[in-house]
Every structure is written in C-alpha cells, then in structure tokens.
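Trainee: One structure, pasted below without further comment.
The values are calculated or read from the model by the stated rules, or taken from the named source; none is laboratory data. Keep in mind that what you see is a predicted model, and the values were worked out from it rather than measured. Here the Cβ is made from the backbone with ideal geometry for all residues, glycine too, and neighbour counts use every protein chain on show.
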Amino acid sequence: MNVFSRSWSLFKSSWSVMRSEPSLLWFPVLSALLVIIASVIFFGLLGALFVVNPAVQQAVIEASQSAEGEGGSPLLTILGIVVLFIYYLIVGAIATYFATAMAGAALRRLDGQDTSFGEGIKIANSRLGTILGFSAISATVGVLLSLLRNNRQGNNPAGAILAAIGGMAWTVATFLVIPVIADRQVNAIGAIKESALLLRKTWGEQIVGSGGLGLVFGLASVIVVILTGVLAVLAIDIAGLVWTIIAVGVVALIVLAVLNSTLSGIYKAAVYRYAAQRQVAPQFDATLIEGAFRLKGAAA
C-alpha cells in the first residue's frame with residue numbers, strides 16, 4: 001500500500017467514525033475559537049500593560065538600549081521566556097483539554113458504546129490535573145525548542161538542527177499521550193511514559209511515522225489555495241467578488257483544518273486502542289493501524 005492510498009484509506013475509516021458521531025467535530029471547533037479568544041486577550045493585556053504602565057515601558061527601553069552591541073539583554077531574554085511559557089501553557093491547556101474530550105468520546109465510539117459531546121467533556125473534566133500537568137511540560141519543551149531554533153550565534157545551524165531532532169522525538173514520544181490521558185487515571189509524567197512505552201512495545205525501538213492523514217488534507221489545502229488564487233485573479237475587475245472568493249477560500253481552509261484535527265484525533269484513538277489492547281477497531285483495516293509506524297531505514 002503506497003503512501004497516498006494508505007492516507008486515503010485512513011481518511012475513509014476515520015470519516016466513517018465521525019459520521020456515526022458528528023458531535024466529535026465540535027471539540028476542535030471550540031478549541032480553535034477559545035485559543036483565538038485567549039490569544040487576543042493575552043496579547044491585548046500584554047500590550048495594555050506596556051502602553052498604560054510607563055515603568056514597564058522605561059524598563060523595556062533601557063533593557064533594549066543596554067542590549068545593543070552586547071549580544072542581547074538578559075532581562076529581555078528572561079521576560080521573553082516567561083511570556084512565551086505562559087502563552088504556550090494557556091493555549092496548550094485549551095488544546096489538550098478539548099483533544100482529551102474528543103479522544104475520550106472517540107474511544108467510546110470505537111468500542112461500540114454510545115457517546116456524546118457532553119460525555120467527552122465529562123471525561124476531560126475528570127482529567128484536569130493531568131491536562132494541566134502535561135500542558136506545563138509541553139510548554140517547557142516548546143520554550144526550550146524555540147530557544148534552540150533562535151540560537152544562531154555565528155550563523156551556526158546546530159541549534160536549529162537540534163530543535164528539529166528534539167521536536168520530532170517529542171512528537172513521536174507523545175503521539176499517544178492524549179488517548180492515554182482520556183482512557184486512564186494517570187499523572188502527566190505517567191501519561192508520557194505510557195505513550196512512549198506503548199510505542200516501543202508495539203512498534204519497536206527505532207520507529208518513524210508512516211503515511212497519515214496529513215497528505216490528504218495537505219493536497220486539499222493546496223488545491224483550495226490555488227483555486228482561490230486563480231478565481232480571484234479572474235474576478236479582479238468585478239467589484240466585491242474578489243473578497244467574496246477569498247472569504248470562501250478562507251472558510252474552506254478552516255473547514256479542512258477542523259476535519260483534519262477531528263479525523264486525526266479519531267485515528268490516534270484507534271492506534272492507542274490497538275497498542276494498549278491489541279484490538280483493531282472494526283471501522284479500521286488492521287494494516288492501517290499496524291502500519292502506523294515503521295522501522296527507521298525501512299522502505300517507505
């Protein structure tokens with residue numbers, strides 16, 4: 001099975017689960033809306049603090065001036081790290097909360113049980129401590145990776161390379177964290193350990209990701225962008241139509257993003273169920289789940 005046919009099969013299997021429980025779509029929608037609202041409030045308050053408080057303005061200006069020719073200001077660096085960590089923590093907690101709710105509801109559906117939006121929220125509410133703990137760990141990792149990416153002294157790309165490797169390792173190790181949190185009463189560190197352990201036990205020590213849903217939605221997004229651009233150029237002389245076409249294109253991209261998030265969450269739940277219980281959900285073909293990962297160096 002080549003990468004595209006595998007991706008399409010995953011799309012159809014995940015789609016069948018979503019069709020049987022359309023309420024799963026609400027989790028990524030609410031997550032995205034709350035992340036946007038939280039971001040606007042966060043940066044709005046940050047901007048207001050800088051504009052309204054002269055002492056803060058003066059401190060930042062003085063730190064910036066002292067940083068000129070000195071390779072950066074320690075104060076600005078510390079402030080930047082703190083602000084970045086708080087922001088990552090807020091948006092990460094929101095995203096993890098709704099992802100956990102969706103995973104919990106999806107696992108119930110995969111097991112043949114009735115579920116609902118409220119059932120998913122109930123599951124997430126019972127895991128709030130673990131969700132906040134994992135969000136704090138994830139925010140710390142995000143800040144460290146960001147510092148590595150931005151550390152380019154002497155045009156040395158080592159930091160960016162280390163950040164890419166570290167980011168890939170973190171993504172693989174935490175691939176099953178959300179369904180683990182949704183399915184088990186564990187703390188954040190226990191969830192991360194369980195995710196990594198399930199991956200090693202099921203697919204081996206040296207693994208990389210196999211073909212997934214990203215290819216389908218990536219191609220669909222490219223098509224939407226190209227089509228929107230072409231139609232906008234053709235309609236450039238028609239007043240108002242260009243902006244209507246662009247608006248439709250943006251809405252189409254948002255819909256694709258919501259579908260991608262929902263179907264990816266369902267797929268991860270199915271992979272987790274197989275890794276934890278060696279049971280393949282009836283909506284999925286066994287080869288799709290068993291081939292979720294492959295050995296490093298194996299033929300794609």
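Trainee: Does ALA191 satisfy the criteria of being of a type in the set (Gly, Ala, Ser), in contact (Cβ under 8 Å) with a residue 60 or more places away in the chain, assigned to a helix (DSSP H, G or I) and within 23 Å of ALA275 (Cα to Cα)?
Mentor: It is true that ALA191 is of a type in the set (Gly, Ala, Ser), in contact (Cβ under 8 Å) with a residue 60 or more places away in the chain, assigned to a helix (DSSP H, G or I) and within 23 Å of ALA275 (Cα to Cα).
Trainee: Restricting to the stretch 107-133, what's the tally of residues that are out of contact with any Phe, Trp or Tyr (no Cβ under 9 Å at 6 or more places or on another chain), under 20 Å from ALA275 (Cα atoms) and either in contact (Cβ under 8 Å) with a residue 24 or more places away in the chain or not basic (Lys, Arg) (or both)?
Mentor: 4
The rows are residues; the columns are (1) modelled with pLDDT under 90; (2) within 26 Å of LEU219 (Cα to Cα); (3) of a type outside the set (D, E, K, R); (4) buried (at least 16 other Cβ atoms within 10 Å of the Cβ).
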position: SER16; (1), (2), (3), (4): no, yes, yes, no
position: SER23; (1), (2), (3), (4): no, yes, yes, yes
position: PHE27; (1), (2), (3), (4): no, yes, yes, yes
position: LEU34; (1), (2), (3), (4): no, no, yes, yes
position: LEU45; (1), (2), (3), (4): yes, no, yes, no
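Trainee: Same structure, new question: Can you go through ILE94, ILE41, ILE90 and tell me which one is at pLDDT 90 or above and exposed (fewer than 14 other Cβ atoms within 10 Å of the Cβ)? Can you show your working first?
Mentor: Details: ILE94 fails: exposed (fewer than 14 other Cβ atoms within 10 Å of the Cβ); ILE90 fails: exposed (fewer than 14 other Cβ atoms within 10 Å of the Cβ).
Every option except ILE41 fails the conditions.
Trainee: Being hydrophobic (A, V, I, L, M, F, W, C), at pLDDT below 95 and under 16 Å from the mean Cα position of the chain (by Cα) narrows it down to one of ALA169, ALA160, so name that one. Before you say what the answer is, go through the steps one by one.
Mentor: Numbers: ALA160 fails: under 16 Å from the mean Cα position of the chain (by Cα).
After ruling out the rest, the residue left standing is ALA169.
Trainee: Continuing with this model, one more query. From ALA169, ALA136, ALA163, grab the single residue that is assigned to a helix (DSSP H, G or I), surrounded by fewer than 17 Cβ atoms within 10 Å (Cβ to Cβ), without any contact (Cβ under 8 Å) to a residue 40 or more places away in the chain and not aromatic (Phe, Trp, Tyr).
Mentor: Numbers: ALA136 fails: without any contact (Cβ under 8 Å) to a residue 40 or more places away in the chain; ALA163 fails: surrounded by fewer than 17 Cβ atoms within 10 Å (Cβ to Cβ).
Of the residues listed, the single one that is assigned to a helix (DSSP H, G or I), surrounded by fewer than 17 Cβ atoms within 10 Å (Cβ to Cβ), without any contact (Cβ under 8 Å) to a residue 40 or more places away in the chain and not aromatic (Phe, Trp, Tyr) is ALA169.
Trainee: If you take the residues of the stretch 212-246 that are in contact (Cβ under 8 Å) with a residue 24 or more places away in the chain and among the polar types (S, T, N, Q), which of them is farthest from SER9 (Cα to Cα)? Lay out the reasoning, then the answer.
Mentor: Filtering the stretch 212-246 down to residues in contact (Cβ under 8 Å) with a residue 24 or more places away in the chain leaves 212-217, 220-221, 224-225, 228.
Of the ones still in play, those that are also among the polar types (S, T, N, Q) are 221, 228.
Values: SER221: 18, THR228: 27 Å.
Taking the candidates together, the pick is THR228.
Each row is one residue, and each column tells you yes or no for (1) surrounded by fewer than 17 Cβ atoms within 10 Å (Cβ to Cβ); (2) more than 30 Å from VAL258 (Cβ to Cβ); (3) at pLDDT 90 or above.
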{"position": "THR140", "(1), (2), (3)": "yes, no, yes"}
{"position": "ASN151", "(1), (2), (3)": "yes, yes, no"}
{"position": "ASN155", "(1), (2), (3)": "yes, yes, no"}
{"position": "VAL177", "(1), (2), (3)": "no, no, yes"}
{"position": "LEU197", "(1), (2), (3)": "yes, yes, yes"}
{"position": "LYS201", "(1), (2), (3)": "yes, yes, no"}
{"position": "GLY211", "(1), (2), (3)": "no, no, no"}
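Trainee: A further question follows. Right, LEU197: free of Cβ contacts under 8 Å to residues at least 12 places away in the same chain and under 18 Å from ILE137 (Cβ atoms) or not?
Mentor: Details: free of Cβ contacts under 8 Å to residues at least 12 places away in the same chain: yes; under 18 Å from ILE137 (Cβ atoms): yes.
When the stated conditions are applied, LEU197 passes them.
Trainee: Kindly establish whether ALA106 is of a type in the set (Gly, Ala, Ser), surrounded by 15 or more Cβ atoms within 10 Å (Cβ to Cβ) and over 16 Å from the mean Cα position of the chain (by Cα). Show your work before the answer.
Mentor: Numbers: of a type in the set (Gly, Ala, Ser): yes; surrounded by 15 or more Cβ atoms within 10 Å (Cβ to Cβ): yes; over 16 Å from the mean Cα position of the chain (by Cα): yes.
For ALA106, the condition - of a type in the set (Gly, Ala, Ser), surrounded by 15 or more Cβ atoms within 10 Å (Cβ to Cβ) and over 16 Å from the mean Cα position of the chain (by Cα) - is met.
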